[in-house]
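What follows is a single structure, written as structure tokens, with notes after it.
The values are calculated or read from the model by the stated rules, or taken from the named source; none is laboratory data. It should be emphasised that the depicted structure is a prediction, and the values quoted were computed from it without experimental measurement. Don't worry about glycine lacking a Cβ; one is built from the backbone with ideal geometry, like all the others, and counts go over all protein chains shown.
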Amino acid sequence: MTSARPWIAVAVHDGWFGCGTGAGRSNRAFFHAAHQVLDPSVRLVVLPVHLAPTSPEYQPDWHRRATAALAGRTLIVRPVDNGTAGTRRWGPLPVLAATSRAATEILIELSASEGPPDLVVAVDAPFAGMAPLLPADLRRRLLTLPRSLAVQHGQTEQARFSWESAGFASAWQAGGRLGAISQHMADCLTGPYQVPAQAIVAVPNGLSNADRIPDGPPPPLPARARSGFLLASGRAHPSKGFDDLLDALPLAAASGATVPHLLLAAVTETATITDYQRHLAARIADERLDVTLIVRYDPALPALLADPRLVGVVVPSRVEPFGRVPLESFAAGAAPVVATTAGGLAETVLDGVTGYTAPPADPEALAAALARALRAGTAERVRLRAAGYRLLTGRGDYRDTVRRLFAVLTPHLIGQGT
């Protein structure tokens, strides 16, 4: 049975009521691309994790823009209760499991009243447990699109790994598919999660046209950064490698490189500073590092990539499913980019070609890569900038990626002329 008017459902935890991670920015790009590619008759059901207006993670301006960007399409928005009373979008495994249960209940209810969806896109870990709770007919319509995986965090996430594994197996065994945002993620799915390669569809992450428009003016620079600065940004978590970067700064200086001020945006959306952020602040103070720590997420942070005073971008991650920062840097003309080879970063930052690289969790190697970047002359920066932009444009607009996805899964829903 198909509905009189076709519809697809997209479940997301970030990027609708606000944005706090690269996943949220990627989800926005997915919505924009889907809106451009799908026939106007296709209804879009959005299943976002509920955030109350009083939540520190709720961003009314972002929410307004996210909705306005889909103007002209029939939208059905059904917020998903993850058991936190709308206070946060993420949490430990019980919160993730509650998210999957609630989304499944909504989907089954809508299917009873509207007919089954043509496609269900379940984005990221909070929805990885949906498949076992769905009837077989809906499981075969499911695309599970993880943007992070428990296996990337080792033994500390063993329970989540087992839960994800069961969800993925239930999906592909019923004919559902899994999306891979990078080759690294595809390798994780076919390896530890034992997903057959034929059940995986490539959905390489990328930038949409909307990603090239700043979400507001950049935050003001501290006085010490106005003569030149490095930028490192990401979620405030040890896996982002910020400790390795703090270790690397004095090592790079000791090698003779002139190290400018570092803007370290190790951010969260919590109302109070986290223990890890306190740890970073204490290190900066105790070691007298020339670093400004930014703790609160601001969607306009990427606008700093276009600042002419930016000397370089550093991505010191120990774990990285994909990594949007290099692509955003290439789009903004920021160079050089220094990154580890963790996960998907190795697919975009190529040593000596689009930037400089070091193995993850190796401060000495990171310091050497940073020193190379800081010694790069004008001609070298121009070459790196051009190579980065070629890599970015070679991937195509993200709309092309999403169109190819729908061409595989639901070709009858693609609009004419898209």
Given the structure, is VAL37 surrounded by 23 or more Cβ atoms within 10 Å (Cβ to Cβ) and touching a residue at least 60 places away in the same chain (Cβ under 8 Å)?
-> no
Could you say whether any residue in the range 52-64 is small (Gly, Ala, Ser) and more than 23 Å from ALA210 (Cβ to Cβ)?
-> yes
Condition test on GLU364, is it closer than 26 Å to VAL382 by Cβ and acidic (Asp, Glu)?
-> no
Pairs only if they're at least six apart or on different chains, beta carbon under 7 angstrom, first in the range 81-105 and over 18 Å from SER148 (Cβ atoms), second at pLDDT 95 or above and in a helix (DSSP H, G or I); list them, first residue then second.
-> ASP81/ALA102; GLY83/VAL95; GLY83/ALA98; THR84/VAL95; ARG101/LEU133; THR104/LEU133
Which one of ARG372, ARG404 is basic (Lys, Arg) and in contact with a strand residue (DSSP E or B) (Cβ under 7 Å, 6 or more places away or on another chain)?
-> ARG372
Would you mind finding the one in ARG372, ARG385 that is assigned to a helix (DSSP H, G or I), among the basic types (Lys, Arg) and out of contact with any helix residue (DSSP H, G or I) (no Cβ under 9 Å at 6 or more places or on another chain)?
-> ARG372
Among the residues of the range 146-183, count how many are buried (at least 22 other Cβ atoms within 10 Å of the Cβ), assigned to a helix (DSSP H, G or I) and not aromatic (Phe, Trp, Tyr).
-> 4
Checking ALA342, ALA361, ALA346, ALA368 in turn, the sole residue that is over 26 Å from PRO146 (Cα atoms) and either touching a Phe, Trp or Tyr at 6+ places or on another chain (Cβ under 7 Å) or of a type in the set (Gly, Ala, Ser) (or both) turns out to be ALA368
ASP187 fails exactly one of the following numbered conditions: (1) surrounded by fewer than 20 Cβ atoms within 10 Å (Cβ to Cβ); (2) touching a residue at least 24 places away in the same chain (Cβ under 8 Å); (3) not in a loop (DSSP other than H, G, I, E, B). What is the number of that condition?
-> (2)
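Okay, residues lined up against (1) modelled with pLDDT of 95 or more; (2) of a type in the set (Asp, Glu):
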| site | (1), (2) |
| --- | --- |
| PRO302 | no, no |
| LEU310 | yes, no |
| VAL337 | yes, no |
| ASP362 | yes, yes |
| ALA368 | yes, no |
| LEU384 | yes, no |
Those residues that are within 18 Å of the chain's Cα centre (by Cα), surrounded by fewer than 24 Cβ atoms within 10 Å (Cβ to Cβ) and among the aliphatic types (A, V, I, L, M), I need them from the range 333-360; list them, please.
-> ALA346
Assuming SER100 fulfils every condition listed in (1) over 20 Å from GLN183 (Cα atoms); (2) of a type outside the set (D, E, K, R); (3) in a strand (DSSP E or B) apart from one, which condition is it?
-> (3)
So which residues in the range 214-272 are crowded, with 18+ Cβ neighbours inside 10 Å, touching a Leu at 6+ places or on another chain (Cβ under 8 Å), over 20 Å from LEU327 (Cα atoms) and among the β-branched types (Val, Ile, Thr)?
-> VAL259
The range 267-300, residues that are modelled with pLDDT of 95 or more and of a type in the set (S, T, N, Q) | THR274, GLN277, THR292
If a residue has to be outside any helix (DSSP H, G or I) and surrounded by 16 or more Cβ atoms within 10 Å (Cβ to Cβ) to count, how many in the range 55-69 make the cut?
-> 5
